[in-house]
Structure formats: structure tokens, C-alpha cells
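Asks: Encoded as C-alpha cells, here's the structure I'll be asking about.
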């Protein structure tokens, strides 16, 4: 079928898919196309664009860019749609795939709460030859799925979050004795505890830092920043991701320090770069990012390109980090 014969909403998905899957399109534009498709894939209730959007995202998993593929897996998990599961399982099962992508696929399976994938996740978690970041992520994903389908998960009283993301772990339940910042920080930093429980403290601290004018915001960010000293690269990368969600200026010093540490794992540095991109309107941030345009690590260089595009988006006050066709698609579907 020729593009001219497509319905307007199908043309929008086709345009976004073409940009996303093209290795000649600038990476920043591909990311904007991806987040447009994520928006379409996550619509509730599902629309005629849902499955085509999921298929479009999955089609780009053949890209050589580890950064892009890891973001594809994240977006598939955030779609909330079971149709994304086979693509994610295939990434987890591919030992030749970058560990950062496989970790993100496992996290996405957890976000989708797929009980049928517990066997695969347990297999990867228990395989001593598996990459540590994949094993740790599978462990968290298993606990998240089990929690979601447990009686505890059904009855726990959770604070309403300002964030629409499906997180790797729910925040700590609302209990006065466990939600103080010192108590949460103690749980966050206790390496003897399961990662899932520590992640719960992490997301509880995140929620205490939003909105940014809360009296608990800066103390919560300071508590989170202490997590950058954790021995787990997976844990450190999640701290940086949370800072990207918060976009609070108080996180800038620790993010700059993390990005600047060339001995830090690339998956952590890349997340710190993108978090700084969300703070691009703050004085000096763009100049810091530009210093790493020629970084030895490909995933960091790619992240800087995306982060600088995000910084431009923040400065321009745009409403959505996406491309124009998504607005066209919404109008066509209305």
C-alpha cells in the first residue's frame, strides 16, 4: 500500500517509524520520533494506532546503537501493552545483545507485570555466567511482578506520585515510621537489603522531592545522591534516572561529578548525561555537556547528543519531547 493510500493516523505512525528506523536520521530526531510512538502505544484505551506504534518501536531493535535500543526497550515497557512482551523476551534471550539493552528489556517485562515471563527471569537471575546488571535487573523484575500480583500489593497504601512512569519498584508504603528521609536513606544505602526494597526507598525519596518547592525536596535529593557511591552500577544508574525525572537543580553537582568520572560505568554516565539534559535551562549545564561530545564511550557520546537536544527543548519551553506527527495523529484519531 502506498503512503498516499494510508489513513492520516497510519501516515503519522509510518512517518515516525521511518525516522526511528533510519540510521541516516540524526539521533536526536529519532529519539523524538520514539517518544511520539511511545505516546501512541501507551494510549488507554487502546486505539487503532496502538499495535502499529508498538511494532514501529520494535522494528528499530535492529539498530547498532545500544543507547537507542535500550530506550526502545524502556518505551515498550512503558506502553503497558502485552503485545510488547515477545519483543522484550527476544532481547533478554539474545546473549549477543548489549547488556544495557538486555537489562532494560528485563526491567520492561517487570513493568508489564508479565507472570508468564517469571521462568525466563529466574533463569537469567540464577545463571552465574550472566552479566551482573542483567541478573540484578531480573531479580528486581521478579520481585516487582510477584508484588504486583500479591495480596500485599493489592492492599498497600501508596502515596500518589507526580510521575506517570511505571517504575521498577513501587515507593515504600505510606507509614510514618518508614517514610522519614533518614529512614528512607538508611534503607536506600543498606547493601544487605534486597535491591527491590532499596529501590522502593529510592522512589519514595523521589516522590518526596516533587514538586521541587517541597521542604523535603532538597534533603531527599541529597539522600538520593549518596546512592552514587553504591557498588552496583545498576543502582547508580537508577539514581541518575530518578534525577532526570525530578529535574531539580540540587542534583546538578552530583550528576556533573558522575558524568565526569571516566572510570564510572558507561550506563551510569549516559544516564547522568540525559538527566543533565532535562536541566538544560540551568546556567552552565549545556557547557558541561558539550565537553563530552568526543567522549571515548560511544553510548556517552550518543547520550550527549540527545541531552543537548533535550536542553534545547527545555529552553524553548516546548510542551512535549516529541515530533509533530504525534499531534497530527491525535487530531486524526479524535
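Asks: Looking at the chain as a GNM with Cα springs under 10 Å, which of 273, 225, 46 has the largest mean-square fluctuation?
Replies: Comparing 273, 225, 46 in the GNM, the peak value goes to 46.
Asks: Roughly how far apart, in whole Å, are the Cα centres of region 49-64 and region 274-312?
Replies: 26
Asks: Using the per-residue mean of other Cβ atoms lying within 10 Å as a proxy for protection, in what order, highest first, do the peptides 16-22, 52-58 fall? Could the numbers behind the result be given before it?
Replies: On the way: 16-22: 20.1, 52-58: 23.6.
Listed from highest to lowest mean packing, they are 52-58, 16-22.
Asks: Let me ask something else about it. When the Cα centres of region 222-240 and region 65-134 are compared, how far apart do they sit, in Å?
Replies: Measuring centre to centre over Cα atoms gives 21 Å.
Asks: Would you mind telling me which residue in 271, 93, 71 has the biggest mean-square fluctuation in a Gaussian network model of the chain, where springs connect alpha carbons within a distance under 10 angstrom?
Replies: 93
Asks: With 10 angstrom as the radius, rank 23, 143 by how many other C-beta atoms surround their C-beta, starting from the fewest. Mind showing how you got there, number by number?
Replies: Working: 23 12, 143 21.
So the residues, fewest neighbours to most, are 23, 143.
Asks: Additional query: Can you sort 291, 81 so the residue with the fewest Cβ neighbours within 10 Å comes first? Show your work: numbers first, answer last.
Replies: Values: 291 12, 81 19.
Fewest to most other Cβ atoms nearby, the residues stand as 291, 81.
Asks: Starting with the fewest neighbours, write out 200, 89, 206 ranked by other beta-carbon atoms found within 10 Å of each beta-carbon. Mind dumping the intermediate values first?
Replies: Details: 200 27, 89 18, 206 24.
Ranking 200, 89, 206 by Cβ neighbours within 10 Å, fewest first, gives 89, 206, 200.
Asks: Sorting check: for 188-196, 210-218, 61-69, which peptide has the highest mean count of neighbouring beta carbons within 10 Å, and how do the rest follow? Each step should come with its number before you reach the end.
Replies: Details: 188-196: 15.0, 210-218: 12.8, 61-69: 18.2.
Those peptides, ordered most packed to least, come out 61-69, 188-196, 210-218.
Asks: While we're looking at this one, here's another question. Show that you can apply the helix-only estimate: for the chain, add -39,500 (n - 2.57) for every DSSP H stretch of four or more residues, divide by all residues, and state [θ] at 222 nm to the nearest 500. Write down the numbers at each step before the final one.
Replies: Details: 18 runs with 206 residues, N = 334.
Per the formula, -19000 deg cm²/dmol.
Asks: Which entry in (1) 43, 27, 16; (2) 35, 23, 22; (3) 30, 24, 20 matches semi-axes √(5λ) of the Cα gyration tensor in Å derived from the coordinates of this structure?
Replies: (3)
Asks: Which residue fluctuates the most in the chain, going by a Gaussian network model with Cα springs under 10 Å, if the choices are 309, 127, 230?
Replies: 127
Quick note: the coordinates plus some simple rules give every number you see, no bench work behind them. A quick note: this is a predicted structure, and the numbers were derived from the prediction, not measured. Neighbour counts are summed over all protein chains in view; Cβ atoms, including those assigned to glycine, are modelled from backbone coordinates with ideal geometry.
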